[in-house]
Amino acid sequence: MSEERSEHQLRHPRDSTLARVEITFDAADPSALAAFWSEFAGDELELTFVWSDAPKIEKNRVHIDLASTSPEHQADIVARALKLGAEHADIGQRDVPWVVLRDPQGNEFCVLEPRPEYTGVIAAVVVDSPDPLASAQATGHPVVRSGDGFASVRPEPGPWLEFVRTDDSEPITNRVRVRWAPAS
């Protein structure tokens, strides 16, 4: 298989059929991006990396939030990500307790401050939406929490799916895509 058509996957180590949330990344170098995310993915997600020569020109509509258990753990995750090629990112977040980074191929992700509701390595998969509550309800999973501009579901097993309001227009390309299994 040529590099142009290569696909790399990080699957749930016990049984990939258990993965309720799947993320696909378009990548100029799928194997390098898979190596980066293998350091952080845990076993809650199935990640797939496919070759694409489409440039990253705008903020992704989907991103991953990593969980931490203490301020020191949060700092350790950030330091490890930076050492592996991530960079700090300013997406207009202002003064917040989480850290926004870009992976080595420019995809945004966050390292959250400790929060008791997030018990896995991956805290959440966050999806921009013009109507977060409708998007959360469309998953078929019970809406666990919602408020002004957000709604969350918790497929089991797996991380939270969180929908946040955006008024941004549809992106030109969706370099990061999410798929989830419907509630059974």
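Scanning region 12-54 for residues that are modelled with pLDDT under 85 and over 16 Å from the mean Cα position of the chain (by Cα) yields 13, 14, 15, 16, 17, 18.
Of all residues in region 84-106, those satisfying the criterion of being part of a strand (DSSP E or B) and open to solvent by 40 Å² or more (accessible area, probe 1.4 Å) are 87, 88, 102.
Considering the conditions (1) open to solvent by 70 Å² or more (accessible area, probe 1.4 Å); (2) part of a helix (DSSP H, G or I); (3) not acidic (Asp, Glu), residue 77 is excluded by exactly one of them, (1). Against the condition out of contact with any Leu (no Cβ under 7 Å at 6 or more places or on another chain), open to solvent by 20 Å² or more (accessible area, probe 1.4 Å) and at pLDDT below 90, how does residue 181 come out, does it pass? Judged against the criteria, residue 181 is a match.
Screening residue 87 on (1) touching a residue at least 24 places away in the same chain (Cβ under 8 Å); (2) out of contact with any Cys (no Cβ under 6 Å at 6 or more places or on another chain) shows it passes everything except condition (1). What number of residues in region 31-57 are in contact with an Asp or Glu (Cβ under 8 Å, 6 or more places away or on another chain) and either buried (at least 22 other Cβ atoms within 10 Å of the Cβ) or touching a residue at least 60 places away in the same chain (Cβ under 8 Å) (or both)? Final tally of qualifying residues: 8. Restricting the search to region 33-48, which residues are assigned to a helix (DSSP H, G or I) and under 16 Å from residue 175 (Cα atoms)? Within region 33-48, 33, 34, 37 meet the criteria.
Can you tell me how many residues in region 58-74 are surrounded by fewer than 18 Cβ atoms within 10 Å (Cβ to Cβ), assigned to a loop (DSSP other than H, G, I, E, B) and modelled with pLDDT of 95 or more? Looking only at that region, the number is 2. Just to be sure, is residue 159 under 21 Å from residue 68 (Cα atoms), under 11 Å from the mean Cα position of the chain (by Cα) and either among the polar types (S, T, N, Q) or surrounded by 14 or more Cβ atoms within 10 Å (Cβ to Cβ) (or both)? Spelling it out, residue 159 is indeed under 21 Å from residue 68 (Cα atoms), under 11 Å from the mean Cα position of the chain (by Cα) and either among the polar types (S, T, N, Q) or surrounded by 14 or more Cβ atoms within 10 Å (Cβ to Cβ) (or both). Looking only at residues of region 110-142 that are open to solvent by less than 10 Å² (accessible area, probe 1.4 Å) and in contact with a helix residue (DSSP H, G or I) (Cβ under 8 Å, 6 or more places away or on another chain), we find that the one that is nearest to residue 29 (Cα to Cα) is 111. Applying the set (1) over 28 Å from residue 135 (Cα atoms); (2) open to solvent by less than 70 Å² (accessible area, probe 1.4 Å); (3) at pLDDT 90 or above; (4) not hydrophobic (A, V, I, L, M, F, W, C) to residue 8 leaves exactly one unmet item: (3).
The values are calculated or read from the model by the stated rules, or taken from the named source; none is laboratory data. Treat the numbers as computed from the prediction; the structure is a model and nothing was measured. We place every Cβ from the backbone using ideal geometry, glycine too, and count neighbours over all the protein chains shown. Please note that ligands, DNA and RNA were not included when accessible areas were found on the heavy atoms of the full protein model with its side chains. Shrake-Rupley method; radii C 1.70, N 1.55, O 1.52, S 1.80 Å.
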